[in-house]
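Engineer: Please find one structure pasted underneath; my questions will follow.
The values are calculated or read from the model by the stated rules, or taken from the named source; none is laboratory data. No experiment lies behind these values; they were computed from the predicted model shown. Every residue, glycine among them, receives a Cβ derived from its backbone with ideal geometry; neighbour counts consider all protein chains shown.
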Amino acid sequence: MDDATPPDRPESGADPTLQPVPTQAPVRPGAGRSLRYATLFGLAALLGASLFMGGYLAAGGTGSCSAPSEAFAAFCEAYDKLHAQYVDQLDDNTLVEGALEGLFQYGVADPYSGYMNAEEYQNSLGDLSGTFSGIGAELAVENTENPDDLEACATLSDTCLLVVVAPIDGSRPRRRACGPATWSRPSTAKA
């Protein structure tokens, strides 16, 4: 084969069924390794993004609020919409304080229950510090007509009396050796 004959054509007079053997270009050592790493990295990133989106969509595709029950779904929706669409920056602590106050103010039908934030709670403890004292006795209700029927004594009356059961340890009545008989009930004798 001379230099003028292209390598893909056989020389004249040569066997046309014989094809020339292609030669391979020289390969740099490690050239295929970087391509494999790039491919693996791309697949790992694609897998991670798919898992993230799958978890996001499985959770309902909503924001960070997860409702403990179906009844709270509207609360979570409102929370997410506030964060997504409200013009000003929102403080989560302020939102939580308002939600807790609302739970006690409108959700609980007990006038004696209420919510105090941390500062109000600490202030209330200061108001309650000190010592307490009373008469120093354990009290009970007694039905004088039917002692087994205490349910009939929802309020105090002539037959439903508040009686002293026993003095409390360390109290003045205990130190003076007063017992239940001394304290049991006021005298009903008429003069």
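Engineer: Does L90 satisfy the condition of being closer than 30 Å to R176 by Cβ and either of a type in the set (F, W, Y) or out of contact with any Asp or Glu (no Cβ under 9 Å at 6 or more places or on another chain) (or both)?
Structural biologist: no
Here's the yes/no breakdown for (1) at pLDDT 65 or above; (2) surrounded by fewer than 10 Cβ atoms within 10 Å (Cβ to Cβ); (3) within 24 Å of L100 (Cβ to Cβ); (4) not aliphatic (A, V, I, L, M):
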| site | (1), (2), (3), (4) |
| --- | --- |
| P22 | yes, yes, no, yes |
| R36 | yes, yes, no, yes |
| L47 | yes, no, no, no |
| L51 | yes, no, no, no |
| A59 | no, no, no, no |
| S64 | yes, no, yes, yes |
| P68 | yes, yes, yes, yes |
| L82 | yes, no, yes, no |
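Engineer: Next question, about the same structure. Hey, A73 hits all of (1) surrounded by 12 or more Cβ atoms within 10 Å (Cβ to Cβ); (2) under 29 Å from E119 (Cα atoms); (3) at pLDDT 85 or above but one; which does it fall short on?
Structural biologist: It fails just one condition, (2).
Engineer: Sticking with this one: Can you find a residue in region 109-117 that is without any contact (Cβ under 8 Å) to a residue 12 or more places away in the chain, surrounded by 10 or more Cβ atoms within 10 Å (Cβ to Cβ) and touching a Leu at 6+ places or on another chain (Cβ under 9 Å)?
Structural biologist: No, there is no match, as no residue in region 109-117 is without any contact (Cβ under 8 Å) to a residue 12 or more places away in the chain, surrounded by 10 or more Cβ atoms within 10 Å (Cβ to Cβ) and touching a Leu at 6+ places or on another chain (Cβ under 9 Å).
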